[in-house]
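To start, the structure itself, in structure tokens.
The values are calculated or read from the model by the stated rules, or taken from the named source; none is laboratory data. Just so you know, these numbers come straight off a predicted model, no measurement behind them. Cβ placement follows ideal geometry from the backbone for every residue including glycine, while neighbour counts extend to all protein chains displayed. Surface accessibility is based on the protein's heavy atoms, side chains included, excluding ligands, DNA and RNA. Shrake-Rupley method; radii C 1.70, N 1.55, O 1.52, S 1.80 Å.
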Amino acid sequence: MSADDATADPGADAAADSSGEGGAAETNPYTLQRGDGEGGADDHHVFWADAVADRVETRIERRIESGERDPDDPIVIKGGISPSGVPHLGNVNELMRGYFVAAVLRERGHEVRQVFTADDRDPLRKLPRTLADLDGNLVDLGEVNAGALGRNLGHPYTDIPDPFGCCDSYGDHFATIIAQSADAMDIPIDLLSNTALYEDGTFEAVTRYLLEHRDRAREVLSDYQDSVDADGDYVPFNPICANCGKLTETVTSVDVDSEARSASNSRAGSEATRETTTAATVDYECTDLEAGEQTIEGCGHEGTATLREGKLPWRFEWPAQWEALDVDFEPFGKDHAEGSWPSGEDIARTVLENEPPVPMVYEWFTLDGEPFSSSEGNVALVSEVLELIEPEVLRYFFAKDPSKARDFSIERLDQLVDEFDRFERIYFGEIDASEDEKRFAERVYPLVVSEPDPDRIRLSYTFAAVLGMTEEPSIREEIARTEGHIPDDAPEWAVDAALDRVEHAQAWARRTGNEFDYELKRAAIPAHDFDDATGAALDDLADFVADGGDDPEELQGEIYETAKRHDVPVGDFFAAGYRLFFDDEQGPKLGQFLAKLDRDFVVDRLRRER
């Protein structure tokens, strides 16, 4: 959940201390802490989403019994994001957590609607250093129309021109990338624009209610924000200035009781069009907006706005979304667990007299050991990651226990892929595993892979990276078959799918510049000029490989020993190997690399025969 303020893991049980009643009851958002559940060990689920689904069902049943809910209404799962910076992989946390709970509930026969709000009526408070185009390329602010942003600080994201010039607004551009990410992960969501929800009246009733009960709203918020005086004149609404288009926090009066006058808040023209309507209005003054360490100057204009011509402050907007959209469950990051959630729950129960949704806190994860940061360039988009791994591998990553902090390492992406491959093989009963691992794989794999098929073929990710050193598809397949990775009777679709991983692994090698980022010169022997001792040593090493020496560590050790036996400097001998295979003076760890190639080719190349 975003705002303008403010290996398999079997055994992750989900439970919370929640009375579920009205009043001042507090709901623990940490739903995934083992031992907190009412049912204790008997209440244990192998998959966290099952435990969350239990809580959602309990909420639904209670509200149906009390008459607060129509049994035919769909279950609503929500997430959201404010369009600031780059919509990166970390933002998918919320999408995927909601998806798995939705999938479990659908398995149980429920109709589920997963919505995701773009909080695009938030004001732009600072200029992002990095943006992303619709193709997933990260670009610096200086590479686009930065003026489109710089001239519009304090304006809603949907009123700011798209700096790339491809979408209707900056907010729309950001939301489009979120939609693309969901599509790439095959997550069916309804992406909702907050701006549209204000303008079409979806939020109008709850906004009006909050303004009618603004004294109580102010009193509740004062318990959470020192800047709000319970006896002061704070009003929970931020109008959009009709003169300059910026959001202002200064409301001077509220009219919600009568057939109120309403001024058209369009900035097209200087004459206000007045009409008699039942719409509530607020009078405002456009004052300065504090945005971190900077102040965004207001224009001083005094005007009138309807409730469709502004927005609620975040701490009220979040519980307003729950009410207006009938939200039953929402996951969010731990930053909200100690801030926005307590105030949101209190506002929902005490002011709106509405039961908040079932909450769930997820831990953040890091990217190669560092926090995600658009300004520091430490980000990865879903589109980027899916160039490196299959969607099911990424889905597996998000299927893990959300209550545990993790690192998503692109440098060591091979480890995640190996972990997924093991998870898959456990599901198909191809390897031995613990009972917990078996139960987890049996439960979760069908949610990660939409069509499980025992005939699928997975090449080892690092072996695929080795195959990626040659560009010829037929040679890649020949090596894979020769080395026994592709059975003779494998169906064509399985072969094609297996070889698709080569493209992913090759892209990974090139992105990270790792030991697989070399081009294998397989078609012809590179030009070389070795002395007799080096030639004899290469022949000797070829004999070792021909006799079955293909263990990576043994082969690496034999390279050293062979050089010593023939009085060839070790560095020169390695360089000779790199020259033969890469036409280079350096390369990957030679023994481990040669062990992954087909033996006949390695032997012939060491003998300089092909």
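Subtracting the Cα-Cα distance of A291 and A494 from 0.36 nm times their residue separation leaves 67.7 nm of extension gain.
Amide H contacts for G79 (H built 1.01 Å from N in the peptide plane; partners 5 or more residues away or on another chain; cut-off under 5 Å): V115, F116, T117. Within the accessible surface of region 409-512, defined with a 1.4 Å probe on protein heavy atoms only, the carbon and sulfur portion equals 42 percent. Remark: spin-label model distance E451-D436 equals 3.5 nm, labels positioned 7 Å along the Cα→Cβ axis. Over the residues of the chain, the helix contribution to mean residue ellipticity at 222 nm works out to -12000 deg cm²/dmol, using -39500 (n - 2.57) for each DSSP H run of at least 4. Taking Cβ separations below 4.7 Å as the criterion for a possible disulfide partner, the isolated cysteines in the chain are C166, C167. As a rough guide to protection, the peptides 167-174, 403-410, 117-124 ranked by mean Cβ packing within 10 Å, highest first, stand as 117-124, 167-174, 403-410.
The protection proxy used here, the mean number of other Cβ atoms lying within 10 Å of each residue, ranks peptides 547-555, 82-90 as follows, highest first: 82-90, 547-555. Taking every alpha-carbon pair within region 409-512, the share separated by more than 21 Å comes to 40 percent. Spin-label pair D168-K589: with each label point 7 Å from Cα along the Cα-Cβ axis, the two points sit 5.5 nm from one another.
Computed FRET efficiency, Cβ-Cβ of A527 and K126, R0 45 Å: what is it to the nearest 0.05? Walk me through the numbers on the way to the answer.
Values: r = 57 Å, r/R0 = 1.26.
Efficiency, from the Cβ-Cβ distance: 0.20.
Under 22 Å of direct C-alpha separation, and excluding same-chain neighbours fewer than eight residues apart, K596 reaches these lysines: K521. Rounded to the nearest 20 debye, the dipole size of the chain about its Cα centre is 760 debye, using +1 on the Cβ of Lys and Arg and -1 on the Cβ of Asp and Glu. Each Lys and Arg adds +1 at its Cβ and each Asp and Glu adds -1 at its Cβ; summed about the Cα centre, region 277-435 shows a dipole of about 280 debye.
List the GluC sites (Glu not before Pro) within region 65-108 that fall in a DSSP loop (any state other than H, G, I, E or B) and whose Cβ has at most 12 other Cβ atoms within 10 Å.
E68
If you roll a 1.4 Å probe over the heavy atoms of the protein chains, what accessible area per residue do you get for region 409-512, in Å²? Mind dumping the intermediate values first?
Values: 4980 Å² over 104 residues.
Here the residues of region 409-512 average 48 Å² of exposed surface.
Suppose the Debye formula is applied to equal point scatterers at every Cα of region 532-607; what is log10 I(q)/I(0) at q = 0.18, 0.21, 0.22 Å⁻¹? For region 532-607 at q = 0.18, 0.21, 0.22 Å⁻¹, log10 I(q)/I(0) is -0.60, -0.85, -0.95. Label separation (A146 vs R607): 6.3 nm, computed from points 7 Å beyond Cα along the C-beta direction.
For the pair E111 and R599, the difference between a 0.36 nm per residue extended length and the Cα-Cα distance amounts to 170.1 nm.
Taking every Cα-Cα distance in region 439-593 and sorting them into 10 Å bins from zero, the calculated P(r) comes out as 10, 31, 32, 18, 7, 2, 0 percent. Each of the peptides 514-523, 239-248 was scored by the mean count of other Cβ atoms within 10 Å over its residues; in descending order, highest first, they stand as 239-248, 514-523. Where the alpha-carbon atoms of the chain are placed on the principal axes, they occupy 101, 58, 41 Å, in descending order.
What FRET efficiency do you get for R481 and S227 if R0 is 51 Å and r is their Cβ-Cβ distance, rounded to the nearest 0.05? The partial results should precede the final answer.
Working: r = 69 Å, r/R0 = 1.35.
After rounding, the FRET efficiency stands at 0.15.
Net length available on complete extension from I64 to S409 is 119.7 nm, with 0.36 nm assigned per residue and the Cα-Cα distance removed.
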